Each structure stands twice: as structure tokens, then as C-alpha cells.
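Trainee: I am attaching a structure below and will ask some questions about it afterwards.
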Amino acid sequence: MDDGSTGALVPAVKTEPVSSSISAPSIPDCSLAELGTVFEASAQLDKDFLCPICMQIIRDAFLTACGHSFCYMCIITHLRNKSDCPCCAQHLTSDQLFPNFLLDKLLKKTSAHQIAKTATPIELFRHALQEGCNVSIKELDSLLAMLSEKKRKMEQEESVRNMKILTDFLHCLRKQKVSELNEVQIDLQFIKEDISAVERHRMELSRARDRYSMKLRKAGDDMKAREPWLTLMDKRNDGPTSTSLNTWGVVSAGNFQNKKADSRSQVSTYGLYKKDSLSGAEPQVNHTGLSVARKKRVHAQFNDLQECYLQKRRQLPNQLLDQQEKDKNVMHREGYNPGLSDFQSVLTTFTRYSRLRVIAELRHGDLFHNTNIVSSIEFDRDDELFATAGVSRCIKVFDFSSVVNEPPDAHCPIVEMSTRAKLSCLSWDKQSKNIIASSDYEGIVTVWDVNRGQSVMEYEEHEKRAWSVDFSRTEPSRLVSGSDDCKVKVWCMKQEASVLDIDMKANICCVKFNPGSGNHIAVGSADHNIHYYDLRNISHPLHVFTGHKKAVSYVKFLSNSELASASTDSTLRLWDVKENLPVRTFRGHTNEKNFVGLTVNNEYIACGSETNEVFVYHKEISRPLTWHRFGSPDVTDVEDDVGSYFISAVCWKSDSPTILTANSQGTIKVLVLAV
């Protein structure tokens, strides 16, 4: 049995240089080099040290009568079920098992070899000491001195590395601060130049005001000198033969009296202004209050205004020249930097208004009906009519002047057009005053004739709810729609079927034509992105604007190059579609699940909120300019969950400060920006 067991390990055992190492019960005292030699020889036998049953390194090796070695627990467990050898099937009992001491010793050496392959030199040295390697005191002293020297060297190297890192950091910080200092110095130079320019212009205005004052005084003196002559003329013309002349004289005298009164009033006003300006006060208390209120608004948004000023002031000269050429109506003052003029315009429009004032209010549906949500509200081409649509399955057209000027009880629509399904969006044809398009929850896009009060075309190709529809401004017969079926369809009123389809991977929430082109559209999608397409090549979008964290619910163009978007991530974003760049993000309202409306004009952006409020932003400032909260529509609503009401539609009246707003209860308000 011993011969058989030894025979399986002969190649490995014969290669051992020291035969006495096998007879020792543990790893003998030897050098690390000798241990390495043993490990290299035994590494070739690792595969022979596997238990045939568990296929792991044998633990507690036992030898059978037939010459095979197994783990003790493995062979005992096997013999409880069968009485044969797992390798050769020879009859075997537990009495025929014997400890294999030689194999155990070899296995210990193999284990030591495995440690040597993965252990660090320190671990090997520690292991050698633990195993009893003999080391003299002199050798230990020498070793400790070497280790101490090595430690000092490593500490010095570590210190050098730390100093290098610190030096690099300080150089980087210095470079950054120098850059910031240069930028601040440039900004200070800009500010110094602008202060000088503004002061010069103020002096020019003061001199112009003085000249105007002198002219007014002179005009007043002339009127006083002409009063006796006018009185004499009236007396001479009292005869019956001078009726026509007398009539002319009376009229002329009346006109002169009016002019004289106006002149005196202007002179008096100027005198007060002159006196108050010298004392540092405004001519009237109201002007003082307005000035203070505007200053407060500036300080409240100082950081955003500062960023806006510096951004415009740092613009490259060629960019400013391009902007001047594009906007020929803007006349920059002499000595003014174009960036300063642009910022002054922003500051003026931003501080001009401080609140939203209600000038009219009406109800869209039955006060006690639960489905009065106004999904869309739009002005016509001339801003004389506006249309509303929503879940009440009806398009109502109102006369705007009547709504504003007549009492609330007289607010009745001039046209009503019923639909089969709930409506999601409206779009007036900006070329034809009487044409309007709608999209509904059944995916139908309908074109209506408002004068006749009936539909003239229906498109039923969408397979799911259509969320948005829009007419092209430059191609009046072309319109586009988007749907939950992930398709954008382009229609022509002269054809009964869609002329173009764009298949996308997510639901379409909104579509909008670029106002300067009938070939470019912006598409807001549930994939959180805005896809900007050229309809002449729809294989790929021109650009995909990314940044929103949730679905894009609205897209609106402020100009041919500026696009605003709204999302259920409670933000609005402004994009440059020519440079394909994000411009600004607006935060302040709440929008997490509903369509709350979005409307834009040249300077302002307005949207609704799920807090039942309307928010207005200036396009250059990321925080709200002002907001207005809808009140409870009726006393009976106290029993309902007032917090569930939300703004559902908004629309500017062209570039005026007037805005139409509607909420989920069917209440429509006409608001105007006020000081």
C-alpha cells in the first residue's frame, strides 16, 4: 500500500534535493532559497493533489487498500452509501482506510508555495520567522538598520511627492486667480467706460431738458403778450356783419386758450421737476414710489442681471455688429457700447412691470361640471378674436374687446363648434382669419371654418391621441401634428392625406413650425428631448436638444433662432436653434404631470403652474418676473380639493403686455402686466 501510494508521487518526490525534508512533521528550518526550490518542484504536482470526489486540494488525506487517496470526509461519506472505491470500483470498507502522512506533508508544502506566489516579501519574511528560521542578533541589527534607512528614504520620497502635488496645486490656483483677476479688471474697465458713457448721456439729457424748458418759458411769455391783442380783436368783431369772422375768432381764441393752459401746465410741471431735481427728490410721490420699486426689483435679481450685463458686455465685436445689422430698428446712443445698449433694453423691460392685473374674467363651461379644463387658448391673426378648446368637446370663439369691455354676464361666444372627442390643441391660420385647426383625443386633426361654424377637412391617420397641431406662418396651407402613436405628420389642406410622416421612438407631446421657415419644425417628445427637423430631409434631425429630465410638453419660437421649451421637470429652457446651443434655464413654477401651457413673445415667456398660478419670465433672467394666483372660482369649491387646480392654457396677445390664461376649472382670465 505504501509502495503504491509512493509510486503515484515518485516523479515529484525524486526531484527533492534533500530527502530528509519529507520525514519531518513540519516545514524544516531552511533558507528562503531552499524553500523556493521546493515550491517550484511541487508546483507541477498541484493537479495531482486533487481529491477525485470533491475535485479540491485533498484535506486530511487517507489512503485506500487499492492505493487511491481521498479527503477523509469525502471517502467516509461515499462509503456510507456504497462499498467500493470511487476510482477503481474495487470493494472497499472503512476498515481499509489508512492515514497518508506523506501526502499531507507534501500538501502543506504546496500550500506554502501558494502563499509564496501571492504574498509580499514582508509576508514571506514574517512567515519564515514564524516557521522558525534562525536569525542572529547581528543579522537582526543589520536588518533593522536597513529597514530604518529604507523607511527614511520612503518618507523623504513621500514628502517630495506631497510637495510636488502642493506646488502644482498652488501654480494651478495662481493661474486661475490671475485669469479671474484679468477678467475682473476687464469687467471693471467695461464698467468704468459704461459709467462714463451713461454720465455723458445724462448730461446731454439735462442740457436738452434745459433747452426745452427755455422754449416752454418763451412760449408762455408769448401767449401772455398776445392776450391783450386777442381781447381787442374780440371787441372789434362783436358787430352783426362779422359773424363768420367772429366765429373764426372764437374758435382761434379757444384754441389759443387751450394751448396757453397746456403751456402753463408744462412750464409749471417743469418748474416743479427742476426744483425737485435740485433737492434730490422726484417731482411726484408716485414717481418716487415707482423708482424705489424698480430699484428693489433690480436688487432682488441682482445676480441674474449682473450675469446678463457681463455676458452682453463681453461679446465679441463682430457678434455685436451682426446683431446690429439684424436689428436695424434699434438706434444705439452715441458713445454707447452695443452690449450696454442691449443690457439697458433688458433692464428697462425687466423693471417696467411688477405684477399681473386682472382686467376681465369669464367661465368656459358649466360651473358645476367637472370637465371644464381648457386645453388650449389662441388669438387669431389680428388679435380681435380668441378661441378656446378643452375636454368639454367644444370650440368657443369670443370677441376680445367685448370680453374686456362688457360686464361678465354678457360674455357669450360668437361661435361654438361641437366635436366628437375631447380637444387637446388649437392653432389659428395666421394668413386667413377664419381658419382654425384642432387636434383631439381620438387622433383626429380637424380644420374649421369659423365664419361657417363647421369643419372643412378631417384627417384621421393618427392611431392614438393627437396632442398638438400647428399652422405654418410662411406656408399657410401646411400644418403639422404630433401624436401618442410616435408619429409626426405634415398635412396640406389641398390634399386629403398626409404628405409627410416622421416615425419617432417616443410619444410626441408638441410640434411647432419655425415662424421664418415652412421647412423647419421643432418636436417635443416623451424621450426628454427636442428634435429639430428640416422637412426636406427627415432621415435625421438637424439637431437634438438635450437637457430636460422629463417629457417635453411644449415648444414655442420667440424668433427665427430662439426656441423655448417646457417640461414636466418644472423647468423652461431657451435654445439657440441656429448655433444649436442651450441659452438659459428658467425655474420657479411647478409642473410635474400636467400640460400647464406655454406662450412667448419677443421679450417675455409665460407658463402655468400646478399651484394654480401663472408665471411670467423675462427671457434674459432665469427667475420669475412676476406671477398671479387664480382664486377659488366659487364658494362651493371649498368643499373640493382646491390644491388640485392648475393652470391649463396661456396665450400672449402678440407683443402686448396682455395675456389670456385659463385653469382646470374652466376659469378664463385676461391679465395685463402692470407697474
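The values are calculated or read from the model by the stated rules, or taken from the named source; none is laboratory data. Since the structure is predicted, the reported quantities are computational estimates derived from the model, not experimental observations. Neighbour counts run over all protein chains shown; Cβ positions are idealised from the backbone, glycine included. For accessibility, only protein heavy atoms count, side chains too; no ligands or nucleic acids. Shrake-Rupley method; radii C 1.70, N 1.55, O 1.52, S 1.80 Å.
Trainee: Looking only at the stretch 347-377, which residues are within 16 Å of Ala649 (Cα to Cα), open to solvent by 60 Å² or more (accessible area, probe 1.4 Å) and at pLDDT below 85?
Mentor: Of everything in the stretch 347-377, just one residue is within 16 Å of Ala649 (Cα to Cα), open to solvent by 60 Å² or more (accessible area, probe 1.4 Å) and at pLDDT below 85, namely Arg363.
Trainee: List the pairs whose first member sits in the stretch 411-434 and is within 18 Å of Ser401 (Cα to Cα) and in contact (Cβ under 8 Å) with a residue 40 or more places away in the chain, whose second member is part of a loop (DSSP other than H, G, I, E, B) and basic (Lys, Arg), and whose Cβ atoms are under 8 Å apart, counting only residues at least 6 apart or on separate chains?
Mentor: Every condition considered, the pairs that remain are Lys433/Arg381.
Trainee: Within the stretch 85-101, track down each residue that is in a strand (DSSP E or B) and surrounded by 16 or more Cβ atoms within 10 Å (Cβ to Cβ).
Mentor: Leu97
Trainee: Residues being over 26 Å from Lys109 (Cβ atoms) and surrounded by 10 or more Cβ atoms within 10 Å (Cβ to Cβ): count how many of those fall in the stretch 121-142. Can you show your working first?
Mentor: Step one: of the stretch 121-142, the residues over 26 Å from Lys109 (Cβ atoms) are 136-138, 140-142.
Subset that is surrounded by 10 or more Cβ atoms within 10 Å (Cβ to Cβ): 140-142.
The total comes to 3.
Conditions tested, residue by residue: (1) open to solvent by 20 Å² or more (accessible area, probe 1.4 Å); (2) under 17 Å from Ala437 (Cα atoms); (3) not acidic (Asp, Glu).
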| position | (1), (2), (3) |
| --- | --- |
| Thr474 | yes, yes, yes |
| Lys489 | no, yes, yes |
| Asp501 | yes, no, no |
| Met504 | yes, no, yes |
| Asn514 | no, no, yes |
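Trainee: Right, another one. Could you give every pair whose Cβ atoms fall below 6 Å, whose first residue belongs to the stretch 518-537 and is closer than 11 Å to Val552 by Cα, and whose second residue is of a type in the set (S, T, N, Q) and assigned to a strand (DSSP E or B), counting only separations of at least 6 or pairs across chains?
Mentor: So the pair list comes out as Ile530/Ser565.
Trainee: Here's another thing I want to ask about it. I'd like the full set of residues that are more than 20 Å from Lys494 (Cα to Cα) and in a loop (DSSP other than H, G, I, E, B), limited to the stretch 454-469. Break it down stepwise before answering.
Mentor: Here is the first cut: in the stretch 454-469, the ones more than 20 Å from Lys494 (Cα to Cα) are 463-468.
Within the stretch 454-469, Glu463, Lys464, Arg465 meet the criteria.
Trainee: If Met146 meets every condition in (1) within 50 Å of the chain's Cα centre (by Cα); (2) closer than 30 Å to Pro121 by Cα apart from one, which number is that one?
Mentor: Single failed check for Met146: (1).
Trainee: Give me the pairs, please: first residue somewhere in the stretch 556-582 and within 16 Å of Arg473 (Cα to Cα) and in the same structural domain as Glu610 (by the TED database), second residue anywhere and aliphatic (A, V, I, L, M) and open to solvent by 20 Å² or more (accessible area, probe 1.4 Å), beta-carbon distance under 6 Å, and either six or more positions apart or on two chains.
Mentor: Lys556/Val600; Leu558/Val600
Trainee: Is there any pair with a first residue in the stretch 380-404 that is at pLDDT 90 or above and a second that is open to solvent by less than 20 Å² (accessible area, probe 1.4 Å) and in a loop (DSSP other than H, G, I, E, B) whose Cβ atoms are under 6 Å apart and which are 6 or more apart or on different chains, and what are they?
Mentor: Sorted first by the residue in the stretch 380-404, then by its partner, the pairs are Thr388/His364; Val397/Val450.
Trainee: Considering only the stretch 350-364, I want to know if a residue exists there that is free of Cβ contacts under 8 Å to residues at least 60 places away in the same chain, over 30 Å from Tyr309 (Cα atoms) and part of a loop (DSSP other than H, G, I, E, B).
Mentor: Taking the stretch 350-364 first, the residues free of Cβ contacts under 8 Å to residues at least 60 places away in the same chain are 351.
Applying the additional criterion that residues be over 30 Å from Tyr309 (Cα atoms) yields none.
Among the residues of the stretch 350-364, not one is free of Cβ contacts under 8 Å to residues at least 60 places away in the same chain, over 30 Å from Tyr309 (Cα atoms) and part of a loop (DSSP other than H, G, I, E, B), which makes the answer no.
Trainee: Looking only at residues that are among the hydrophobic types (A, V, I, L, M, F, W, C) and open to solvent by less than 10 Å² (accessible area, probe 1.4 Å) in the stretch 516-532, which one is nearest to His548 (Cα to Cα)? Walk me through it before giving the result.
Mentor: Narrowing the stretch 516-532 to residues among the hydrophobic types (A, V, I, L, M, F, W, C): 521-523, 526, 530.
Of the ones still in play, those that are also open to solvent by less than 10 Å² (accessible area, probe 1.4 Å) are 521-523, 530.
Working: Ile521: 19, Ala522: 15, Val523: 14, Ile530: 9 Å.
Here the answer is Ile530.
Trainee: Filter the stretch 492-511 down to residues that are touching a Leu at 6+ places or on another chain (Cβ under 8 Å) and either in a loop (DSSP other than H, G, I, E, B) or closer than 18 Å to Val552 by Cβ (or both), then give me how many there are.
Mentor: 1
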